[in-house]
Number of protein chains: 2
Amino acid sequence: MRISAVLGFLFLGLQALAQNTQVDYESIYKIKDEGFNNSQVMDIAWNLTDRIGPRLTGSEGLKKAYDWTSQMYKDWGLTNVKVEAWGDFGPGWEVDKNYLAMTVPYYQAMIAIPKAWTPGTGKEITAEVVYVEVNTEEDLAKYKGNLKGKVVLMPTTINAENGYEADARRYTEEELEGLTKVTVRGGGGGGNFSASRMSEFRRASNLRRAAYTMLKEEGVAMILNTSRGGGQGTFFTSNGSRNDDSALPEMEMAPEHYNRMVRLLQKGEKVMVEAETKTRFLKNDTKGYNVLGEIQGSDAKLKNEVVMLGAHLDSWFAGTGATDNAAGSAVMMEAMRILKESGVKLRRTVRIALWSGEEQGIFGSRNYAQNTFMTDKKPNAAHQNFSAYYNMDNGTGAIRGIYLQGNEATKGLFEEWFKPFHDIGASTITVNNTGGTDHLAFDGIGLPGFQFIQDPIAYSTRTHHTNMDVFEALEEVDLKKNAVIIAALVMQTANMDAKMPRKPKEF
Amino acid sequence: MRISAVLGFLFLGLQALAQNTQVDYESIYKIKDEGFNNSQVMDIAWNLTDRIGPRLTGSEGLKKAYDWTSQMYKDWGLTNVKVEAWGDFGPGWEVDKNYLAMTVPYYQAMIAIPKAWTPGTGKEITAEVVYVEVNTEEDLAKYKGNLKGKVVLMPTTINAENGYEADARRYTEEELEGLTKVTVRGGGGGGNFSASRMSEFRRASNLRRAAYTMLKEEGVAMILNTSRGGGQGTFFTSNGSRNDDSALPEMEMAPEHYNRMVRLLQKGEKVMVEAETKTRFLKNDTKGYNVLGEIQGSDAKLKNEVVMLGAHLDSWFAGTGATDNAAGSAVMMEAMRILKESGVKLRRTVRIALWSGEEQGIFGSRNYAQNTFMTDKKPNAAHQNFSAYYNMDNGTGAIRGIYLQGNEATKGLFEEWFKPFHDIGASTITVNNTGGTDHLAFDGIGLPGFQFIQDPIAYSTRTHHTNMDVFEALEEVDLKKNAVIIAALVMQTANMDAKMPRKPKEF
């Protein structure tokens, strides 16, 4: 090793020490001890899933979750505990009855659930099933006058083949290495949709709208749908036209049961179903809420500065929202409990937020960020006093590293802070972005917001938004690891001399 | 090569020629042409699954399958087409309504189906769920007087974890090689159950019976169960106490939904369900039937001798019995169609049988074998005139070879006859046995009965006896291959000078 390199290392080491950014091994030890030996993460996750159940935004389930999580905050001694409204979400919705069976050519119950925010059939109906294949607006005409009281299948091509690949997996070292490579795009806007593709989207969207209008005018009894992936009894949930009392009853089905009816109808067989669905719109309180709590900072000069951690508490409703996102909520609650219980020093104030409305558009965190850090569309004092936000929303998998969202100035910090976790598989720091969830609410207003690289497990293949996103899908060891890692990162961030570096961004 | 070896080969070749056991490539060509270019196997399988549906022995579905398959035989020009009673099976059974939902602590519909041959609840019931844990007869006492009108969970430990292995797979060359190795057991009866294990079985069985009697006396509303494997919306079907009108209503459930209630009850939460199941016993015709048809042999001297091929037509009822065993039935029907349509020479008479009652104890084939080949418990003339039986009942997977059931004298024949199929992956000849299905009916009375080595695909992991044993689970290319291979083997067997060699066995 050359002497200049040695000096360079010494200098970096001293610099880190000076800024108080080096690993605080004493606190890490306490965090690991509490998180690995007295973990409550599975008990928290169990309460959110099995006991409280599905937590669709605005639902009774989510209201129970607001109450229970805020009570846990209080039990643990957090301060400033608030179930805080972030704005108007619209009516909540509950399923009270959910039954669908094919009755002709033979009886068999089918795996299905009403689409979110659609009305039920009210009473039990028996109806013929019609396959409505609409490729152009002209096709609508041939169904006119023939669909009253019918149950309609809208064409969807969904395969549900034998699975020659495992549902669940972990990242390989090669894949993790690949995630650290930043893709530099060439010119020409290759990443954008072409004009012809946009026009095709518009055409398809208009056609769907015209078809739906026709089905309503006809007075069909119900629409049946299936959606991507899953299979073998798993199906993905989606929502109908939200807030529309006058919508048609719709159900989402297991692809095999849907496909069977399609094949029968295409071969000219008569198909009948019976169905009874009851749903209920909750209009008493249409606001959405976030659940907040704090550990006050110990440093008089820094306690008005804030480090946040969070995850969305709301879920889809066909399962119990285990990996999306009881996992993240339980890990963040457990990280907060570890920080409190282990008694590690926290110079800045640490705040947890459990968001709602994430699944419908990242509403809870975006509104919170706007309400809290912006005044008259300009960054305010809270914006100035904010350090960083950590988010978990990639399922149950172990944290393998972190996405920096392009914030390269933080790279050296995270390289240092992940060192105590290399031996449990977490060491990948990537400048790359990841999207789709609540850290974007912070990133979008120029605040450091981070989301983790997590092992995929069965998130995209089996659990994400499905009826099988249930307690069994949670990996206990992974959730324990994640709570410890996040508690450690929050502790390190809270104790730096400086706030987390920000990306240069103009407002 | 030594000269004696060359002479040996020549001699074997001449011997094969003399006995007419060599590969008939001209007929194989015709069989391949018909089976690969004009295949109807998927259409047959579709009719048996999607269109006719579940085919539980004695059910309306199986009666439809008797009618349709025998009509197909006639359409193809088979002779001696018969739907032949093999004896008394007992009442059939149908599900007319199938609904279960948890209502407390929150509403969620559950994936479940009545256990076969159990009565329904009749009307919609709402009931508290009780977890009855009985480890000794003394445990029964503590539930006494507390279970009237309750829904009972009987303890079952079923995991439904994330799947890190693929559901579906094919045999590797190493595994196929392993199948050819015969295990020679040491002395000491190591393969038998120990006396203490037998005694434990008896104790557990007596305890189950005592518990069931107690539950009946208490007047519980329903028993809920789950069984092995599957998961993610797949569950295995089983039967209750068949032919017992006075049985309790029982349902079989998806393990995740069952486990959730168990966990809730174990943690002291109140659980309620609502359920409505209607089942119907069919007592008009309690006989079981097999569906038989023939192609008459062309050789005046040999046409009274018979080669048979078959598969069981009956299935479980939560899916549509696709891999168990519409696959085998469709392949055997298609093999028969190929033999007829291709017009290949068949010196002996070829007979197809589609069995019933296989799932309840190999009833159809065993009774047929006894009724046909035995008189006063002794082999009769039909026994003497029988050559061989080929069976398919290992799911949708491609044939990779054949089990000889210890009949070593046939090894040279099958080595020769599989040669045209080495290039589609079928070349493994094993002296080993395989059990569990209809070839045993023949093997058991000293007649050559064979079953094939097939790629496992998702048979034991996902489809065997499950609600997801449906059309999607069928592998089209595999079924085509299998029909061609079986048609070829039947042709070769029908055209030998001698009948198939038999194992030395005394009666």
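Read-outs: derived from the displayed coordinates by stated rules, not from any lab. The shown structure was predicted, so the numbers you read here are calculated from the model rather than taken from an experiment. Positions of Cβ are backbone-derived with ideal geometry, glycine not excepted, and every protein chain shown enters the neighbour counts.
Figures for the structure shown
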| read-out | value |
| --- | --- |
| Shielding of B:40-51 by partner chains, average beta-carbon count, 10 Å | 2 |
| Length-normalised contact order for the stretch B:215-307 - Cα pairs under 8 Å, 6+ apart - percent | 22 percent |
| Electrostatic dipole magnitude of the stretch A:206-304 [Cβ: Lys, Arg +1; Asp, Glu -1; Cα centre; debye, to 20] | 240 debye |
| Beta carbon of chain B nearest to the axis of the rotation taking B to A, residue and angstrom distance | B:Gly233, 1 |
| Residues with amide H under 5 Å from that of B:Gln454, placed H, sequence gap 5 or more | B:Arg400 |
| Average projection area in nm² (convex hull over Cα atoms of the protein assembly as shown, one quarter of hull surface) | 52.8 nm² |
| Net charge over other residues, Cβ less than 10 angstrom from the Cβ of B:Lys63 (K, R count +1; D, E count -1) | -1 |
| Chain B, Rg to Rh (Cα coordinates; Rh as Kirkwood inverse mean 1/r) | 1.02 |
| Peptide A:96-106 - average C-beta neighbours from other chains (10 Å radius) | 5 |
| Interchain or long-range residues, amide H under 5 Å from A:Tyr390's placed H | A:Met308, A:Leu309, A:Gly310, A:Phe450 |
| Ranked by how many other beta carbons lie within 10 Å on average, peptides B:246-252, B:323-329, A:308-314 from highest | B:323-329, A:308-314, B:246-252 |
| Magnitude of the charge dipole, the protein assembly as shown, Cβ model with Lys/Arg +1 and Asp/Glu -1, debye to 20 | 180 debye |
| Radius 10 Å from Cβ of B:Asp393, net charge of other residues (Lys, Arg +1; Asp, Glu -1) | -3 |
| Restraint check, A:Lys123/A:Lys150; B:Lys97/B:Lys142; B:Lys340/B:Lys481; A:Lys301/A:Lys345, Cα-Cα greater than 22 Å | B:Lys97/B:Lys142 |
| Relative contact order [Cα under 8 Å, 6+ residues apart], the stretch B:11-137, whole percent | 13 percent |
| Of all DSSP beta bridges in chain B, antiparallel share, percent nearest 5 | 60 percent |
| Calculated P(r) tail over 16 Å for the stretch B:42-98, as whole % of Cα pairs | 52 percent |
| Formal net charge of residues neighbouring B:Gln492 (Cβ-Cβ distance under 10 Å; K, R +1; D, E -1) | -2 |
| Selection from A:Trp76, A:Val470, B:Pro119, by position along the positive dipole direction of the protein assembly as shown (Cβ) | B:Pro119 |
| Label-point separation in nm, A:Asn206 to B:Arg208, each point 7 Å along Cα→Cβ | 6.4 nm |
| Sequence of A:Glu174, B:Glu415 once ranked by neighbouring C-beta atoms within 10 Å, starting from the fewest | A:Glu174, B:Glu415 |
| Value of relative contact order over chain B, rounded to a whole percent, pairs C-alpha under 8 Å and six or more apart | 24 percent |
| 222 nm mean residue ellipticity, helices alone, for chain A (DSSP H n ≥ 4; -39,500 (n - 2.57); rounded to 500) | -10000 deg cm²/dmol |
| Footprinting exposure proxy for B:Thr213, A:Thr396 (fewest neighbouring C-beta atoms within 10 Å first) | B:Thr213, A:Thr396 |
| Using a 7 Å Cα-to-Cβ projection, A:Leu282 label spacings across copies, nm, ascending | 4.6 |
| Whole-Hz ³J(HN,Hα) from phi, Karplus 6.51 cos²θ - 1.76 cosθ + 1.60, for the stretch B:288-297, glycine and proline x | x, 10, 10, 10, 10, x, 9, 10, 5, x |
| Listed residue (B:Leu56, B:Ile424, B:Asn20) projecting farthest to the positive dipole end of the protein assembly as shown, Cβ model | B:Leu56 |
| Calculated from backbone phi, Karplus (6.51, -1.76, 1.60) coupling profile of the stretch B:333-340 in Hz, x at Gly/Pro | 4, 5, 4, 5, 4, 4, 4, 6 |
| Sites A:Gln266 and B:Asn380 - FRET efficiency at Förster radius 51 Å, r taken between beta-carbons, to 0.05 | 0.55 |
| Burial ordering of B:Asp96, B:Asp376, fewest other beta-carbon atoms within 10 Å first | B:Asp376, B:Asp96 |
| Backbone HN-Hα couplings from phi across the stretch B:307-318 [Karplus 6.51/-1.76/1.60, Hz, Gly and Pro as x] | 10, 10, 9, x, 6, 8, 8, 6, 8, 7, 10, 7 |
| Charged-residue dipole, Cβ positions (Lys, Arg, Asp, Glu), chain B about Cα centre, Debye nearest 20 | 1100 debye |
| Calculated label separations, A:Lys377, copies of the chain, 7 Å along the beta-carbon direction, nm | 9.8 |
| Per-copy distances of the A:Asp75 label point, shortest first, in nm (7 angstrom along Cα→Cβ) | 6.5 |
| For the stretch B:344-428, radius of gyration divided by Kirkwood radius, i.e. Rg to Rh on alpha-carbons | 1.00 |
